[in-house]
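What follows draws every value from the coordinates through simple rules; no lab data is involved. Since the model is a prediction, treat every value here as computed from it, not as a measurement. Every residue, glycine among them, receives a Cβ derived from its backbone with ideal geometry; neighbour counts consider all protein chains shown.
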Amino acid sequence: MNDEQVMHAMGIDDAYRVERVLAQGAGGTTELVTLEGSGPFVRKRIPSKLARRGVWATLVECDCARLPHVEATYEMPDEFVVVCDYVPGENLEQLVSSHGRFAEKDARQLVLQLCEAVGALHEHGIVHRDISPTNVIVAADGAHLIDLGIARFRVEGATRDTTQLGTYGFASPEQYGFAQTDARSDVYSLGRMLGYLLTGVSPAEAERYEAALADATRVTPAMRELVARATAMEPSARYQTVAALVAALNGEKNPGPAASAPETPAAAEPDIQLRDYRRYLNPTKILVAFMALAAFAVAVVLILFNEGILGGEKNGGSVGDSGAPAASEPAPTADGASTSDEPPTAGGTAPDGSASGVAPVEGAPELEIVESGWSADSQGYVHYAFGLRNDGEVQVNIPGVSITGRDAEGRVLFSAEQLIGVAPVGKTMYFGSQVGNGTAPQTVEFSPLSFEEYQVDTSKDTSSSFSVIDARPVSDGAGSTKFVGEVTTEHVGDERGGMGDVALTVVLRNESGDIVYGDTGYARMPAEGESAAFEIYTYGIPDYATYEVHAQAW
């Protein structure tokens, strides 16, 4: 902005009178304002780098009374500012807190009203991504969906969102890195909202919520079945559109995509729609075909990583491959024995992957799984972490790891592939996530996938490097734990195929030092020498003694 533009923007900004601050956080500031005696209005001051201008511009076109009406937008030097109409009323969190759970007919009616708002967004290709009790205002004319701060357009061809955001308990699984969000992600949140209204218990309190949902005195079997389908872990098992959910709420039998209103862009993309979110990183064959067809593909797909720095301590302190000491304090010692010794609910360190890590390129290194571990949560899903090391003389791009779960008789229960961006020379890359199908395995095997000639890169210093500062566990107030801290970019590499993020993997270990859990969160990559805050949400974590956080470009 030039000086004249800045002065003009400041003049507009100063014309509004701030009555009070409604909310303030990393996503910006929300104020109640008036303008020369008119109003009140809601003014959102959004940091420029977080602003989704296209979403707000499109919202102007949404003719839905249950969505915010945009009065004005303008740019400030460091902020994008949106002024919307003010809707008087209480949010759902306040109502449930003061009045308890809703009667079934009232809960149904309120969710139908929210479906009006969400359906209007989907018709314009927008996914809200944060349908939660604090973002729903109940006014005299019913429910209003507010706060499009993290709403986004669906991106054709993307395998996941650039950033993983949302309200824990209401956000869909794919919002934590499993796949790209689409219309079905909002369907999931609407289903969780319905369960919340029927039970009066937040889904973030998993055990209490599930118990309340199973209570026939609170929730009828038909409504419980509807909630279960709307909130299926696998997106293709849910109602595929908001219109299908509306049909179910209105009592239509077997509602599906055919019962829906005009399809959103998400519904029109069957390969994304039918993808198993637990296998969202299975595009190996697609990548191979793409690279074979395009001479410049290596430059496009190379996502170069470097090893992250340990965030916890073990036996008085630990050192990563970079030689930098771990930066955070150890987690509390577990009260009991590690669950890694109690299959089928957990597993210890797996053998290395030398048997299957065969490189078809002469002279290329053989990748090795130096350590791995896992545990199964109460729903039977596996949370794992592995360390993949390259002791060769050349870098391997887009290495993959095969993950196979077996029962007590050695039969395969599930199989998946996890790709990471790069295996730099002399480095161990860590990654953790969730896998499985709801049946806890007896054993889980981790093996490197074979790599081809195009994946070998003789570059020696093309990956970014990071340090993790003050990583530590924090309770979210609902019985769950998230790991927070800051990540600093020490060196910016040549991640030409990256998405501009940092992947941060937390690894939990038992008293013997074995891995028992892993998960990954994401943050925008800070500029060289600068830092960014991060959060890694964890679910169903077992007892652990120490933890560490690794960072890599994504």
Practice prompt. Would you order His144, His383 from fewest to most other beta-carbon atoms within 10 Å of each residue's own beta-carbon?
Written response: His144, His383
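How much length is gained on full extension from Ala222 to Val6, taking 0.36 nm per residue of separation minus their Cα-Cα distance?
Answer, rounded to one decimal: 72.0 nm.
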Worksheet item: Once amide H atoms are built 1.01 Å from N in the peptide plane, which residues 5 or more positions from Glu79, or in another chain, come under 5 Å H to H?
Response: Ser48
Response to the item:
Residues meeting the amide H criterion for Thr443 (H placed from the backbone, H to H distance under 5 Å, 5 or more places apart or on another chain) are Arg406
Worksheet item: Which order do Phe386, Phe414, Phe431 fall in if you start with the one that has the fewest other Cβ atoms within 10 Å?
Response: Phe414, Phe431, Phe386
Discussion item. Can you sort Ile420, Ile131 from fewest to most other Cβ atoms within 10 Å of each residue's own Cβ?
Written reply: Ile420, Ile131
